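See below for the structure under consideration.
The values are calculated or read from the model by the stated rules, or taken from the named source; none is laboratory data. No experiment lies behind these values; they were computed from the predicted model shown. Backbone-built Cβ (ideal geometry, glycine too); neighbour counts: all protein chains shown. Note: accessible area is taken over every heavy atom of the protein model, side chains too, but ligands, DNA and RNA are not part of it. Shrake-Rupley method; radii C 1.70, N 1.55, O 1.52, S 1.80 Å.
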Amino acid sequence: MASPRTTYHHGNLRSALIDEAWELARTSAPEKVTVREVARRAGVSHNAAYRHFADRQELMSSIADRALATLAEMMHDRIATVSTDQDPASIARDRFRETARAYASFAIDEPHLFQVAFHAEFSRPGVSPDVSERRGGPYAILHSVLDEMVEVGEIPPERRSDAEMVCWASVHGFAELCIKGPLGLLPEDERDNIFERLLVTLLHGLKAPIA
């Protein structure tokens, strides 16, 4: 059982509560993360916590934002590993692959945070399809990678419309099958092979002419 923490500095209670909620959300289903439990872990009353969060949804939205920021950082890190000592088309394809791989890795490594990040209950009104209001979020990164593929001729301009939705749905579906479905029962190398075939299929579909 977690012991209450009372070492936060005056004025930093909101940050301390978010930190506690983050750690709880990493190991628990979203419904287990409550303002009362987070306050207990922080060593304060739930009334004190409610002075910083209007309700549980506001607290969970903060966790969703942090999870999306973490995912975006992972995407940037993976994109940065792509060698630029190759032709522009290959660079664009590899950046697309690494963006997708970061998404799937985050889901598999942090399944509970992944669930919070894309939970409709914690999305911010009027912001679609990205859960956060952050322009540099995961969805924006995917958008930018696909735009680059158009620029280098990997995707015909007429195939660009809504391509991010198709790619997002495909990779997200794979991730869900890994963390809550039968793909999670497969050996890692088999699962990786399936994912690589998914990426090949997506890249082929993005380039194919519209019927």
In the range 75-85, the residues that are open to solvent by less than 60 Å² (accessible area, probe 1.4 Å) and assigned to a helix (DSSP H, G or I)
Met75, Ile79
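Report yes if some residue within the range 21-33 is part of a loop (DSSP other than H, G, I, E, B) and either aromatic (Phe, Trp, Tyr) or free of Cβ contacts under 8 Å to residues at least 24 places away in the same chain (or both); otherwise report no. Break it down into steps so the answer makes sense when it comes.
So in the range 21-33, the residues part of a loop (DSSP other than H, G, I, E, B) come out as 28-29, 33.
Now restrict to residues that are either aromatic (Phe, Trp, Tyr) or free of Cβ contacts under 8 Å to residues at least 24 places away in the same chain (or both): none.
No, the conditions are met nowhere in the range 21-33.
Within the range 37-74, take every residue that is part of a helix (DSSP H, G or I) and without any contact (Cβ under 8 Å) to a residue 12 or more places away in the chain and give me the one that is most open to solvent (accessible area, probe 1.4 Å).
So the first thing to find is which residues in the range 37-74 are part of a helix (DSSP H, G or I), and the list is 37-42, 46-50, 56-74.
Now narrow it down to the ones that are without any contact (Cβ under 8 Å) to a residue 12 or more places away in the chain: 46-47, 58, 73.
Details: His46: 57, Asn47: 95, Glu58: 68, Glu73: 112 Å².
So the residue we want is Glu73.
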Residue, nearest to the chain's Cα centre (by Cα), within the range 107-118, restricted to residues that are closer than 15 Å to Trp22 by Cα and in contact (Cβ under 8 Å) with a residue 60 or more places away in the chain:
Phe114
Could you tell me which numbered condition Phe96 fails, if it satisfies all but one of (1) in contact (Cβ under 8 Å) with a residue 12 or more places away in the chain; (2) surrounded by fewer than 20 Cβ atoms within 10 Å (Cβ to Cβ); (3) within 28 Å of Pro187 (Cβ to Cβ)?
(2)
Which of the numbered conditions does Ala208 fail, given that it passes all the others? Conditions: (1) over 12 Å from Phe96 (Cβ atoms); (2) open to solvent by 40 Å² or more (accessible area, probe 1.4 Å); (3) not acidic (Asp, Glu).
(2)
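Working only within the range 25-43, note down all residues that are in contact with a Pro (Cβ under 8 Å, 6 or more places away or on another chain) and either of a type in the set (A, V, I, L, M, F, W, C) or closer than 18 Å to Phe118 by Cβ (or both).
Taking the range 25-43 first, the residues in contact with a Pro (Cβ under 8 Å, 6 or more places away or on another chain) are 40-43.
Across the range 25-43, the qualifying residue is only Ala42.
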Which members of the range 154-187 meet the condition of being open to solvent by less than 60 Å² (accessible area, probe 1.4 Å), more than 21 Å from Val116 (Cα to Cα) and of a type in the set (Gly, Ala, Ser)?
Ala163
